[in-house]
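**Student:** Got a structure here, written out as structure tokens. Questions coming.
Nothing in this text is a laboratory measurement; each read-out follows from the coordinates by a stated rule. From a predicted model like this one, the values you see are computed outputs, not experimental measurements. Every residue, glycine as well, gets a Cβ built from its backbone with ideal geometry; the counts of neighbours run over all protein chains shown.
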Amino acid sequence: MRPLSNPPNPWASSEVEYFEEVPPARLEIYEDHTRQILSSNDSPDLSFSWSVNPYRGCYHGCAYCYARPTHEYLSFGAGTDFERKIVVKPAAATLLREAFDKPSWKGEMLVFSGVTDCYQPLEASYRLTRSCLEVCTEYRNPVAIITKAPLIERDLELLQELGRVAGLSVTVSIPIWDTERARAIEPFVATPQRRMRTIEKLARAGITVGVNVAPMIPGLGDEDMPRILTAAAAAGAQYAGTVFLRLPGSVRAVFEERLRETLPLRAERILAKVREARGGKLYNAQFGKRYQGEGQYADSTSALFTATCARLGLRSWMSTREDEEPAASTFQRPPRAGQQLSLLS
């Protein structure tokens, strides 16, 4: 059990400081009873407009997670609070059905999820993601899933049906291939090799699946990229993506602390490479540059990714709206009891 460690919350009026032994961070569950389930996004850096987050916070504890600062809006910390104070939305499926029934909803692509892993360990018992995917299948609403968790294999039959009636893609994130280094940065995630088997199982089930070598961590993930892409192609992945390491707000402190603690001999090299690709800083929040590095190092890494994908026959997926191709809508509201079907349907 890891000790409690949170960077100062910029939105909090007070701060807790321990002068003696720091208490351990125990799992705490909070319920969110807000009446909204859809999150909108208008960033030009992203290819989707709508996402669903059945959970807030994530037990996986990845040091680099860009979503950590979102926990600060809940009066929690971005460190171990993000990993152990998990917020669940018990009415997620009901709220999603209500959103689909509104005339304003046109059946746009839904991404699971924007600020959490929708298949983190709590999903095994809460089944919130599964219940939402059942609603998407009922309404024939297309879905894209991003996850690191083999737990998604539990829902293979449901995913097959969703892909048949609407459209589905699953992206499995594997930024590091070396098991020990991955464990240092992603302490509570399945090993990279286990995640690769998930890609294989999804592909064998006929599900459109890809790999996300993201975030691309300089001095760590760049070394593993060709090996990850090669293994993914052999496992049946159809596409691949990569996003440069993002360290917004409090994520910088969390990432650097974890790096110096678990990979002390590599820490300075990695941080220096990040600064090299971020104009001397650890992060650049400017639209159009947040997800991509700049300079010779970043350009060479991007070129290596593109060339490797081409050699392996992987479609290169980039996270920008420019390449987005609108698909014909499959969305259809199911008939209700007593509702007369249209003669034109």
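**Student:** With no solvent and one point on each alpha carbon, what is the Debye value of log10 I(q)/I(0) for the range 48-171 at q = 0.11, 0.22 Å⁻¹?
**Tutor:** Scattering profile of the range 48-171, log10 relative to I(0): -0.36, -1.30.
**Student:** Full extension from Glu98 to Arg204: what is 0.36 nm times the residue separation minus their Cα-Cα distance, to one decimal in nm?
**Tutor:** 34.8 nm
**Student:** Could I have the simple spin-label model distance between Arg275 and Leu304, label points 7 Å from Cα toward Cβ, reported in nm to one decimal?
**Tutor:** 2.1
**Student:** In addition: What ranking do 74-82, 305-313, 193-201 get when scored by the average of other Cβ atoms within 10 Å per residue, highest first?
**Tutor:** 74-82, 193-201, 305-313
**Student:** Can I ask one more? Please state, to two decimals, what the Cα-based radius of gyration of the range 30-323 comes to when divided by 2.2 N^0.38 Å (N = residues).
**Tutor:** 0.96
**Student:** Let me ask something else about it. Within the range 228-268, find all residues whose amide N lies under 15 Å from a label point positioned 7 Å from the Cα of Ser316 along Cα-to-beta-carbon.
**Tutor:** What the label zone holds, given the 15 Å backbone N cut-off, is 229, 239-244.
**Student:** May I ask you to list the residues of the range 98-127 whose amide nitrogen lies under 18 Å from a point 7 Å from Cα along the Cα→beta-carbon direction of Arg35?
**Tutor:** 98-105
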